[in-house]
Amino acid sequence: MTNNVGSAPSRSDAPSHIYYFDVGAGRWQGEFTFRVTSWRRFRDTRGIGLRNRVLVVAMAVTQRLTGASRLESKIIVSPSAGAFGVADNVVRLSKFGVTLYLLKERYLLAPDGRGVTVEASEQFGPVPGILTRKFTYPAEIQPSGMGSVYHMPLLGSPWTATYRVAADRQSLAGELVCDWAKATENARRVS
C-alpha cells in the first residue's frame, strides 16, 4: 500500500504497529547491565537527590560484584485500543530470583504511526510501595519499525534509550545513556 505524501500510515504498515504488534508482542528474556561512566559528573550533577544517589551506588556495586541482571519482559498488545493502538509492557530485572527493578509501561501510539506516549510506573527493590513512582515520557519509532528512541527521566537525570531489532526479529539490543552512566539490554523472544 502506498501512502500519499503527508498522510498518516495505515495501521498495518505504521512503524509503531510493526515495532510493537508485529515484532514486540510476546515474552522476552535476556540481560541488563549498568555502570557509572563518570563518577565526577554523577557527583556534580544537581537535582539527582539522595534517594537516586543511593540507588545508583547500590546498582553499580551490585553489578560490579554479581554481574549482569536477568531481564524479563512481556508485551501485550491491543491494536484497536486508544487513538492508534496500545501496548502494555512489564519489565522485571532480577538477580538470584530477587526483583531489583519492576517497570510497568503503557505505550499509547499516536496516529502519525511513529510517536508514542509512555505512561510508566516503576519500583526499585523487591518490596512494593516503598521505592516507587509514576511518570510519563515520549518515544519515537524509527521509520522502518525496527528501532526506537525513548527519552526517559530516570534516577534524577534525562536518559536516551535507543533500541534496535535484529534482522531475524527475534532479538533486541538497547543502549540507555545519560551524562554519567550507561546501561545495556539484550533480549531474545521466548514466546
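The values are calculated or read from the model by the stated rules, or taken from the named source; none is laboratory data. Note that the structure is a prediction, hence the values are computed from the model and not measured. Counting neighbours? That spans all protein chains shown, and the Cβs are built from the backbone with ideal geometry, glycine included. For accessibility, only protein heavy atoms count, side chains too; no ligands or nucleic acids. Shrake-Rupley method; radii C 1.70, N 1.55, O 1.52, S 1.80 Å.
Below, the figures for the structure above:
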quantity: Asp179/Ser80 FRET efficiency (R0 45 Å; Cβ-Cβ; nearest 0.05); calculated: 0.65
quantity: Principal-axis tilt of helix 49-66 within the chain, Cα atoms, nearest 10 degrees; calculated: 90
quantity: Which of Gln123, Gly174, Phe135, positive extreme of dipole for segment 100-191 (C-beta unit charges); calculated: Gln123
quantity: Solvent-accessible area per residue, Å², over the chain with all protein chains present [probe radius 1.4 Å]; calculated: 52
quantity: Top positive-direction residue, dipole computed over segment 20-97 with Cβ charges, set Val57, Asn89, Gln29; calculated: Val57
quantity: In nm, spacing of pseudo-spin labels at Glu31 and Arg133 (7 Å Cα→C-beta vector); calculated: 2.9
quantity: MRE, 222 nm, helices only [DSSP H, n ≥ 4, -39500 (n - 2.57), over the chain, to nearest 500]; calculated: -4000 deg cm²/dmol
quantity: Relative counts (whole %) of C-alpha pair distances in segment 12-70, using bins that are 5 Å wide; calculated: 4, 15, 16, 14, 11, 10, 14, 12, 5, 1
quantity: Whole-percent carbon and sulfur share, accessible surface of the chain, 1.4 Å; calculated: 57
quantity: Once the Cα gyration tensor of the chain is diagonalised, semi-axes √(5λ) in Å; calculated: 30, 18, 15
quantity: Segment 67-174 - Kirkwood radius from inverse mean 1/r over Cα pairs (Å); calculated: 15.0
